Amino acid sequence: MAARKWGLTAAVWTMAAALLLAGCGGGEDRKANAPADDSAPSASSAAASDVKAVTIKASNFKFDQPEIRVAKGQTIELTLENEQGNHTLKIDGYEQTVKAGKTISFTADQAGEFEFYCDLMCGTGHADMVGKLIVE
Ligand SMILES: [Cu+2]
């Protein structure tokens with residue numbers, strides 16, 4: 001009886017030692033896998049490059065970005081934020097208008113340069129509120 005009990009204890013210790021070793025090995029595996037995990041987000045952002053999200057901030061009397069540059073075929077998600085005053089953004093040629101706080105989405109299917117401007121009479125500097133959408 002006694003001998004069997006000791007044998008069992010030895011087996012438990014052996015298992016415990018094996019688990020500890022496996023635990024260490026697992027820790028190293030996790031470190032080795034870390035670069036693979038990092039590559040996952042960049043792969044998904046590459047897939048998302050068909051969509052170009054642009055936020056334009058308008059104030060009296062300018063847009064914070066005079067140019068929006070996209071590749072032909074890209075979908076543009078355009079958001080207008082009014083930091084000061086009341087403005088809209090209209091793109092000639094595409095006949096798209098974004099209102100304050102809104103986002104529009106359209107495909108840049110025509111190459112070229114398209115003027116955008118504020119389409120809301122907002123004051124003395126209204127005519128200065130222009131920019132260019134460049135699709136290439
Ligand atoms: Cu205006």
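The values are calculated or read from the model by the stated rules, or taken from the named source; none is laboratory data. Remember, it's a predicted structure, so these values are computed and weren't measured experimentally. Note that each Cβ is placed from the backbone with ideal geometry, even for glycine, and that neighbours are counted across all protein chains shown. Note: areas computed on protein heavy atoms with side chains; ligands, DNA, RNA excluded. Shrake-Rupley method; radii C 1.70, N 1.55, O 1.52, S 1.80 Å.
Which percent of the accessible area of segment 74-136 is formed by carbon and sulfur heavy atoms (probe 1.4 angstrom)? Roughly 42 percent, rounded to a whole number.
Averaged over its residues, segment 50-135 has an accessible area of 53 Å² per residue, based on protein heavy atoms and a 1.4 Å probe. Could you work out the local net charge near Ile76, counting Lys and Arg as +1, Asp and Glu as -1, over the other residues with Cβ closer than 12 Å to its Cβ? Cβ neighbours under 12 Å give a net charge of 0.
Each Lys or Arg adds one and each Asp or Glu takes one away; over the other residues whose Cβ falls under 14 Å from the Cβ of Lys62, this sums to -3.
Taking a ≥ b ≥ c as the square roots of the Cα gyration tensor eigenvalues, with a/c under 1.5 meaning rounded and otherwise prolate when a/b beats b/c, else oblate, which class fits segment 50-135? Verdict is prolate for segment 50-135.
Spacing of the modelled spin labels on Val51 and Asn86, each 7 Å from Cα toward Cβ, amounts to 3.1 nm.
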